[in-house]
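A.B. asks: Before I ask anything, here is the structure I am working with.
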Amino acid sequence: RYEPTWGSLDARPLPAWFDEAKFGVFIHWGVFSVPSFGSEWFWWYWQKEKRKPYVKFMEANYPPGFTYEDFGPLFTAEFFDPNQWADILKASGAKYVVLTSKHHEGFTLWGSKYSWAWNAVDVGPKRDLVAELATSVRNRTDLHFGLYHSLFEWFNPLFLEDAANVFKTRKFPTSKSLPELYEIVTKYQPEIIWSDGDGNAPDTYWNSTGFLAWLYNDSPVRDTVVTNDRWGAGSICTHGGFYTCSDRYNPGHLLPHKWENCMTIDKRSWGYRRDAHLDDYLPIEDLVKQLVETVSCGGNLLMNIGPTHDGRIAVILEERLREMGAWLRVNGEAIYGTKPWRAQNDTVTPGVWYTVSPKEGKVNAIFLNWPVSGTLELSEPQATLGETQVKLIGYKELLKWVALGEKGIAIALPQLTPRQLPCQWGWALQLTDIN
């Protein structure tokens with residue numbers, strides 16, 4: 001049994017499925033999807049920081065005295081089809097999904113007993129969005145279902161009172177945040193609890209170690225659940241399950257602890273933005289590059305989309321997800337279930353990243369640029385004549401190669417027309433019998 005101490009909790013081995021999964025989809029959806037302007041931090045930027053673009057947007061488009069709570073009934077979700085979402089998630093090649101069950105605005109996407117009249121069953125869609133998506137994902141896919149949950153809430157009076165008391169009082173976590181966490185775990189049995197938003201309060205204020213001890217010892221998901229590292233001020237990148245360290249974290253080198261790169265297709269926002277431009281969305285080439293770099297360095301990629309207030313996944317986001325899935329259908333064996341190799345990337349040829357498929361004993365060299373010369377030089381692999389074999393994933397015949405001195409190999413790539421290429425945006429070589 002785990003004790004409610006970081007020493008004990010941090011010693012828990014991460015369930016193996018998470019490292020094998022490599023790729024997940026993050027979904028930021030909530031009342032902020034109604035104004036869908038600027039950022040999912042709309043309420044904070046408008047009311048607390050009073051940023052000019054947000055204040056002007058409200059003055060120009062809404063009557064005086066309109067409050068953020070008035071957006072609640074406008075969060076309608078009339079086009080939300082959880083089966084369609086599940087099918088898109090499956091097509092993306094992702095192995096897990098993380099939905100924002102509650103963001104910093106405090107609005108819960110399920111009918112929480114602890115969020116009276118500020119949840120999706122009482123207000124807006126009048127539907128339990130968490131339950132619907134969980135059911136569809138479990139019935140139609142093999143994805144692991146996870147939930148994001150914000151510990152703090154920007155404008156909750158109980159939180160503000162505790163903060164004014166320098167967190168010596170604990171009204172908010174005992175009456176709102178912790179009960180919600182127990183509620184979503186018991187009700188929806190998520191296999192990921194993606195915590196966020198510590199409000200600058202220490203983990204002792206949140207009783208994070210007490211909750212995690214229950215989660216790992218006695219909860220219905222105790223054997224399979226994974227958690228992140230955002231459990232109170234100072235815990236990020238130090239305590240918890242996998243490390244996130246910061247948003248869009250991509251160190252570019254191997255880390256000793258399992259980590260995740262959470263990033264978003266819209267470069268400027270996690271929630272949906274009606275004011276987004278085409279070049280605000282990362283192209284598929286960049287997304288494949290992020291995935292390959294992240295996995296080579298031992299991380300998972302959690303790629304975010306923001307649906308609309310009426311429950312649609314915008315066509316451009318669906319396209320990105322399906323493109324990623326198309327790439328993974330060809331190259332998945334160089335990604336899923338792999339481990340980092342002794343070298344993460346090639347020192348001579350830029351844009352080459354390595355993984356190892358331990359079961360098959362293969363080294364995968366994923367290259368993002370097809371060389372004009374038709375020859376790919378790799379400085380890291382040590383090949384042996386008559387033993388080493390080189391294969392391009394998605395192409396039938398073995399490739400010819402020559403050794404370059406003691407270490408290194410030059411590989412003759414097949415001469416293919418663009419239509420004959422096994423995929424676009426990046427390719428994977430499999431090398432067997434490499435020292």
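The values are calculated or read from the model by the stated rules, or taken from the named source; none is laboratory data. Since this is a predicted model, take the numbers as computed values, not measurements. Reconstructed Cβ throughout: ideal geometry from the backbone, glycine too, with neighbour counts over all protein chains shown. Just the protein is used for accessible areas: all its heavy atoms, side chains included, with ligands, DNA and RNA removed. Shrake-Rupley method; radii C 1.70, N 1.55, O 1.52, S 1.80 Å.
A.B. asks: List every residue pair whose Cβ atoms sit under 6 Å apart, with the two residues 6 or more apart in sequence or on different chains, where the first one lies in the range 267-294 and is in contact (Cβ under 8 Å) with a residue 60 or more places away in the chain and the second, anywhere, is in a helix (DSSP H, G or I) and not basic (Lys, Arg).
C.D. replies: Pairs that qualify, where the first residue is in contact (Cβ under 8 Å) with a residue 60 or more places away in the chain and the partner is in a helix (DSSP H, G or I) and not basic (Lys, Arg), are Arg268/Asp280; Gly271/Phe32; Gly271/Ser33; Tyr272/Ser33; Ile284/Glu323; Val288/Trp327.
A.B. asks: Here is a check on your reading of the model: is Arg222 surrounded by fewer than 23 Cβ atoms within 10 Å (Cβ to Cβ), within 21 Å of Thr5 (Cα to Cα), in contact with a helix residue (DSSP H, G or I) (Cβ under 6 Å, 6 or more places away or on another chain) and not aliphatic (A, V, I, L, M)?
C.D. replies: Working: surrounded by fewer than 23 Cβ atoms within 10 Å (Cβ to Cβ): yes; within 21 Å of Thr5 (Cα to Cα): yes; in contact with a helix residue (DSSP H, G or I) (Cβ under 6 Å, 6 or more places away or on another chain): yes; not aliphatic (A, V, I, L, M): yes.
The answer is yes for Arg222.
Yes/no per residue for (1) open to solvent by less than 10 Å² (accessible area, probe 1.4 Å); (2) within 16 Å of the chain's Cα centre (by Cα):
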position: Asp279; (1), (2): no, no
position: Leu282; (1), (2): no, yes
position: Val288; (1), (2): yes, yes
position: Val292; (1), (2): yes, yes
position: Val295; (1), (2): yes, yes
position: Leu302; (1), (2): yes, yes
position: Arg312; (1), (2): no, no
position: Leu317; (1), (2): yes, yes
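A.B. asks: Open to solvent by less than 10 Å² (accessible area, probe 1.4 Å), farther than 24 Å from Trp41 by Cα and in the same structural domain as Val292 (by the TED database) - does that describe any residue in the range 162-171?
C.D. replies: First pass over the range 162-171, keeping only residues open to solvent by less than 10 Å² (accessible area, probe 1.4 Å): 162.
So of that shortlist, the ones also farther than 24 Å from Trp41 by Cα come out as none.
Within the range 162-171, none of the residues are open to solvent by less than 10 Å² (accessible area, probe 1.4 Å), farther than 24 Å from Trp41 by Cα and in the same structural domain as Val292 (by the TED database).
A.B. asks: Restricting attention to the range 27-42, does a residue exist that is farther than 30 Å from Val225 by Cβ and outside any loop (DSSP other than H, G, I, E, B)?
C.D. replies: Yes, some residue in the range 27-42 is farther than 30 Å from Val225 by Cβ and outside any loop (DSSP other than H, G, I, E, B).
A.B. asks: Another question, if that's okay. For Phe152, work out the one condition from (1) in contact (Cβ under 8 Å) with a residue 40 or more places away in the chain; (2) more than 19 Å from Gly106 (Cα to Cα); (3) not in a strand (DSSP E or B) it doesn't fulfil.
C.D. replies: (2)
A.B. asks: Within the range 366-381, restricting attention to residues that are without any contact (Cβ under 8 Å) to a residue 60 or more places away in the chain and not in a loop (DSSP other than H, G, I, E, B), which residue is nearest to Thr294 (Cα to Cα)? Talk me through it step by step, then tell me what you get.
C.D. replies: Going through the range 366-381, the residues without any contact (Cβ under 8 Å) to a residue 60 or more places away in the chain turn out to be 369-381.
Restricting the remaining residues to those that are not in a loop (DSSP other than H, G, I, E, B) gives 375-378.
On the way: Thr375: 26, Leu376: 22, Glu377: 22, Leu378: 20 Å.
Residue satisfying both the conditions and the ranking: Leu378.
A.B. asks: For the condition at pLDDT below 95 and either of a type outside the set (Val, Ile, Thr) or over 15 Å from Val25 (Cα atoms) (or both), what is the one hit in Asn250, Asn364? Talk me through it step by step, then tell me what you get.
C.D. replies: Numbers: Asn364 fails: at pLDDT below 95.
Every option except Asn250 fails the conditions.
A.B. asks: Kindly indicate the residue of the range 255-277 that is charged (D, E, K, R) and in a loop (DSSP other than H, G, I, E, B) and also most open to solvent (accessible area, probe 1.4 Å) among those meeting that condition. Before the answer, list the steps.
C.D. replies: Step one: of the range 255-277, the residues charged (D, E, K, R) are 258, 260, 266-268, 273-275.
Retained after the next criterion (residues that are in a loop (DSSP other than H, G, I, E, B)): 258, 267-268, 273-275.
On the way: Lys258: 32, Lys267: 101, Arg268: 161, Arg273: 17, Arg274: 141, Asp275: 56 Å².
That would be Arg268.
A.B. asks: Conditions first: (1) surrounded by 18 or more Cβ atoms within 10 Å (Cβ to Cβ); (2) charged (D, E, K, R); (3) in contact (Cβ under 8 Å) with a residue 60 or more places away in the chain. Asp346 passes all but one, so which condition is the exception?
C.D. replies: (3)
A.B. asks: Of everything in the range 1-22, what is touching a Ser or Thr at 6+ places or on another chain (Cβ under 8 Å), under 14 Å from Val97 (Cα atoms) and of a type in the set (Phe, Trp, Tyr)? Give them in sequence order.
C.D. replies: Trp17
A.B. asks: Evaluate the range 9-21: report whether one residue or more is assigned by the TED database to the domain that holds Val288, open to solvent by less than 50 Å² (accessible area, probe 1.4 Å) and more than 27 Å from Asp223 (Cβ to Cβ).
C.D. replies: no
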